[in-house]
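For reference, the structure discussed in these notes is given below.
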Amino acid sequence: ALASLEARQILDSRGRPTIEVDVVLADGSHGRAAVPSGASTGTAEAHELRDGDPARYAGLGVLKAAANVNTEIFHALKGMDTLDQRRLDDTLREVDGTPQLKRLGANGILGVSIAACRAAATSLKQPLYARIAELAGNPAPQMPLPMVNILSGGLHAGRGMDVQDFLAIPASASSVEDAIHIASKVRNAAAQVCAQEGIPTLLADEGGLSPGCQDGDHALRLMIRAIEAAGLRPGLDVVIAIDVAAASLQQADSTYRLAREGKTLDADDMIAMMERWVHDYPVVSIEDGLGEEDWDGWAALTTRLGQRVQLVGDDLFTTNMQRLRKGIDRHAGNGILVKVNQNGTLTGTLDTLAHARSKGYTAIISARSGETEDPFIADLAVGTSAGQIKIGSLRTSSTVCKYNQLLRIEAATGFPYSGIGALNGKGA
Ligand code: PGA
Ligand code: ZN
């Protein structure tokens, strides 16, 4: 039973306030969780409660969200059986009473949900991934295929490029350890190639490079050169994923503004551009290729490229069951990005993930661009056998702690590795 609950304000990897929660059970078992925060957020995401006090952290403080956990939420959960994660999470939603968890704040609520899961795992003397596997009804945990951030632009790098992220997927790897090694070679080679070309390589928010390429083709050529410079074969050893984050390019009239290129595109032009990328480069996965309300555009994109390419909805679905159902009905995309803080509770996240997989959508467990040293999503990816994980680059401790947790789990368990098969044959 839940004996104490304590939330506090800590800092995330961008130096912005976020929530950390400690849960202690009556048997003394302890669980802690820290909550991440996005920059290119979807409108339908669960609500991150910020203080709005300009005198503290430019209004980004989370003292109110912490206080809500320490008072109202604690009173509602005190004495509750944390082994019943679903009941706990349902109670959190009921206490808040709003669909986007606006009243008490999804940041505090998610912290409680995850910390309670950890405390339960401790109490049951289970590794966290095993506890999650049990909650997910998954008898066979698997190690996920990583997609690793190499180049960033958009809201992750001062809009130095229009497209937000270019990622490397180590296609020929046979384990997470092998995959991380391959991705590390590409990350290092990309820095070298940039240096040779005199391109500044400042660190972007997720630990990738921010080369400020003027268009997608330039960034993709850089990716190919980095893969080759690492002694690897593009298309065989390493394939490419792109996060367009098109919602952050969309204007009031629904057109897409590529500011660096000086172009304004409609959905058809965007689709044609992506089709060219897929034709010219080993691109196997495209995330948020169109905006979050462009359902017709998404359906057209999926008709055009969905057989060959993983088309991932991030801002489109926001790990939200209603939006996912709508997307499935309208044949929008064939994959979902899963972010716990978009949903707001662990149970809600597991339900959305399970529904996506039951409908044949691929799933990628994802970090946010503002992260903490909490490696929870590594265990989540393994415990759910989601197949894929997107953590960021191989730099900065908030990112690396999650890769390290995957390495620990793989070494301890020898669980099978999903590998490139996690893409359901896309990009083959
Ligand atoms: P975010 O970025 O956390 O800033 O939303 C990650 C992503 O877009 O996938
Ligand atoms: Zn995204």
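The values are calculated or read from the model by the stated rules, or taken from the named source; none is laboratory data. Fair warning: this is a prediction, and the values are worked out from it, not measured in the lab. So basically every Cβ, Gly included, is an ideal-geometry build from the backbone, and we count neighbours across all protein chains shown. SASA here: full protein model, heavy atoms, side chains in, ligands and nucleic acids out. Shrake-Rupley method; radii C 1.70, N 1.55, O 1.52, S 1.80 Å.
List of remarks:
- Residues in the stretch 224-235 that are open to solvent by 40 Å² or more (accessible area, probe 1.4 Å) and either among the acidic types (Asp, Glu) or more than 25 Å from the chain's Cα centre (by Cα) (or both): ARG225, GLU228, ALA229, GLY231, ARG233.
- Criterion violated by SER40 - all others in (1) at pLDDT 95 or above; (2) of a type in the set (Ser, Thr, Tyr); (3) not in a helix (DSSP H, G or I) satisfied: (1)
- Within the stretch 134-181, being in a helix (DSSP H, G or I), surrounded by fewer than 24 Cβ atoms within 10 Å (Cβ to Cβ) and more than 17 Å from the chain's Cα centre (by Cα) holds for GLU134, LEU135, GLU177, ASP178, ILE180, HIS181.
- Total residues in the stretch 353-364 satisfying the condition of being open to solvent by 30 Å² or more (accessible area, probe 1.4 Å) and among the aliphatic types (A, V, I, L, M): the figure is 1.
- Just so you know, in the stretch 192-223 the residues that are open to solvent by 30 Å² or more (accessible area, probe 1.4 Å) and of a type in the set (A, V, I, L, M) include one that is nearest to ligand 1 (Cβ to nearest atom), and it is LEU203.
- Options LEU380, LEU337, LEU350; residue that is open to solvent by less than 30 Å² (accessible area, probe 1.4 Å), assigned to a helix (DSSP H, G or I) and touching a strand residue (DSSP E or B) at 6+ places or on another chain (Cβ under 8 Å): LEU380
- Against the numbered list (1) at pLDDT 95 or above; (2) within 18 Å of ARG395 (Cβ to Cβ), LYS263 comes up short only at (2).
- Per-region count, the stretch 383-409, residues assigned to a helix (DSSP H, G or I) and surrounded by 20 or more Cβ atoms within 10 Å (Cβ to Cβ): 9
- The single condition among (1) in contact with a Phe, Trp or Tyr (Cβ under 9 Å, 6 or more places away or on another chain); (2) more than 14 Å from ASP165 (Cα to Cα); (3) within 16 Å of ligand 2 (Cβ to nearest atom) that ILE240 does not meet is (2).
- Residue check, ARG187 basic (Lys, Arg), under 23 Å from the mean Cα position of the chain (by Cα) and either modelled with pLDDT of 95 or more or within 16 Å of ligand 1 (Cβ to nearest atom) (or both): yes
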